[in-house]
1. For region 57-107, which positions are in a loop (DSSP other than H, G, I, E, B), farther than 18 Å from GLU12 by Cα and acidic (Asp, Glu)?
2. Report, ordered by the first and then the second residue, all pairs with beta carbons closer than 8 Å, sequence separation of six or more or different chains, a first member in region 45-70 that is closer than 23 Å to ALA108 by Cα and among the polar types (S, T, N, Q), and a second member that is outside any helix (DSSP H, G or I) and modelled with pLDDT of 95 or more.
3. For region 56-65, indicate whether the set of residues that are open to solvent by 10 Å² or more (accessible area, probe 1.4 Å) and under 21 Å from ALA148 (Cβ atoms) is non-empty.
4. Hey, THR52 hits all of (1) at negative phi; (2) open to solvent by 40 Å² or more (accessible area, probe 1.4 Å); (3) assigned to a strand (DSSP E or B) but one; which does it fall short on?
5. Here are GLY87, GLY25: which of them is on the phi > 0 side of the Ramachandran plot and open to solvent by less than 20 Å² (accessible area, probe 1.4 Å)?
6. Out of the residues in region 108-126 meeting the condition of being open to solvent by 50 Å² or more (accessible area, probe 1.4 Å) and not in a loop (DSSP other than H, G, I, E, B), tell me which one is farthest from ARG149 (Cα to Cα).
7. Which residue, of PRO133, PRO145, is open to solvent by 40 Å² or more (accessible area, probe 1.4 Å) and at pLDDT below 95?
8. Between a residue in region 90-105 that is on the phi > 0 side of the Ramachandran plot and at pLDDT 95 or above and any residue that is among the acidic types (Asp, Glu) and surrounded by fewer than 19 Cβ atoms within 10 Å (Cβ to Cβ), which pairs come within a Cβ distance under 9 Å, given they are 6 or more apart or on different chains?
Amino acid sequence: MPARQRVTHPLEPVFDARSRALVLGTMPSPASRAAGFYYGHPQNRFWKVLATLFEEPEPTGTDGRAAFLLAHRIAVWDVLSACDIEGASDASIAGAVPNDLRVVADAAPLEAVFTTGAKAAALYRRLCAAQLPALPHVALPSTSPANARMRLPDLVAAYAPLKAAVS
């Protein structure tokens, strides 16, 4: 396992004035940081899940993925602005510092917050929910390759509330 290191969130949130759902992970993985965009690990199923959910081709590249999110009124960011973490292991997170989610909420008519994975949900409830008290929170399963027990059709079904929130 890699040594724990202090990571400061390097990515800007993706949103615009039409965003209705905010999807939050914990912190970009090393692969996502290297790719310069969210859910950048080649085995992460986030983009495949969304493409299947919306019955569209899987978006590729930073521009294509950002355009896909904005077209579907989905904002993406992370719960944390900084933390100590070993590689991509959410279980190793310590010293968590939350993002100010009002940056997105003040600019977009959000109707719900969705978190991807148990750790993101727990951190959101503990550190961020008070920032957005009027918004319902839905905890979604992780699309990470570490969550291999869930098959793609199961993930797509679990993400149906996201589609409902933006439709």
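1. If the condition is that a residue be in a loop (DSSP other than H, G, I, E, B), farther than 18 Å from GLU12 by Cα and acidic (Asp, Glu), then GLU58 is the only one that fits.
2. Short answer, once both residue conditions are applied: THR62/GLY36; THR62/PHE37.
3. Checked region 56-65: at least one residue is open to solvent by 10 Å² or more (accessible area, probe 1.4 Å) and under 21 Å from ALA148 (Cβ atoms).
4. Here THR52 meets the rest and fails (3).
5. Result: GLY87 is the single residue among GLY87, GLY25 that is on the phi > 0 side of the Ramachandran plot and open to solvent by less than 20 Å² (accessible area, probe 1.4 Å).
6. Only one residue tops the list, namely ARG126.
7. On inspection, the qualifying residue turns out to be PRO145.
8. Note: pairs meeting the criteria are GLY95/ASP84.
The values are calculated or read from the model by the stated rules, or taken from the named source; none is laboratory data. Predicted model, so just to flag it, every value in this text is computed and none were measured. Note: ideal-geometry Cβ built from the backbone for every residue, glycine included; neighbour counts use all protein chains shown. Accessible surface is based on the protein model in full, side chains and every heavy atom, while ligands, DNA and RNA are left aside. Shrake-Rupley method; radii C 1.70, N 1.55, O 1.52, S 1.80 Å.
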